[in-house]
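Readers should treat all values here as calculations from the given coordinates under stated rules, not as data from a laboratory. Keep in mind the model is a prediction, meaning the values are calculated, not measured. Positions of Cβ are backbone-derived with ideal geometry, glycine not excepted, and every protein chain shown enters the neighbour counts.
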Amino acid sequence: MRKSIIVLACMLFGSLYSNAQSAIGLRFGGGAGVGTEVSWQTPFGGNRLEIDGGINSGDKYSRIALSGVYQWVMPIQNSFKWYVGAGASLGIESHDTDYDGKGHDGFGLGATGQIGIEYTFNIPLQLSLDIRPNFWLVQNTYFDINTIALGIRYVY
C-alpha cells in the first residue's frame, strides 16, 4: 500500500511539471448534480486527469460534489480530439424534503465514466462537450446520466 501511494504521488508531481498542456476553466451542466463546476485537467501517466468540483443550492436543496476522472485522449484531426475516462465522484447533500416528505442529509460515493469531444484553438482556449454517467454506491445505490456538459477552459 505504501509503495502504491509513493508511485501515485510521483506520477502526480511528474505530471504537473511535464511539457504537456494543462487547462483550467468551467464545465457547465452535467456535473454530479451541481450544474456548473470548476474544471482542471493535467497530464497524468501518459494521458490526462480531470478534476471537477462544484456547489449547488436552491430553496430546499444543497450539494457539494467532486469528481476525478482518468481520461484516455485520442486525436481525431489536428486540435480536434475525443476522450473516454473512468473515475470516482463524491458528494455531500442536504434536502429539506424528498419524495416521501422527509428531510435527509447524506454523503455519496460512486463510480464515474466520461466520454466527450474537445477542440483546442490556436489561442489558449479549449471547448469540450461530454457526458458523465455516475453509478452511486454509497449512501443510496442508483445510476444517473446527467445532461451533456459544455467545458470552457484556459490552456496553459
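Does Leu109 satisfy the criteria of being in a strand (DSSP E or B) and touching a Gly at 6+ places or on another chain (Cβ under 7 Å)?
The answer is no for Leu109.
Would you confirm, using the coordinates I've provided, whether Leu150 is in contact (Cβ under 8 Å) with a residue 40 or more places away in the chain, of a type outside the set (S, T, N, Q), closer than 17 Å to Gly35 by Cα and out of contact with any His (no Cβ under 8 Å at 6 or more places or on another chain)?
yes
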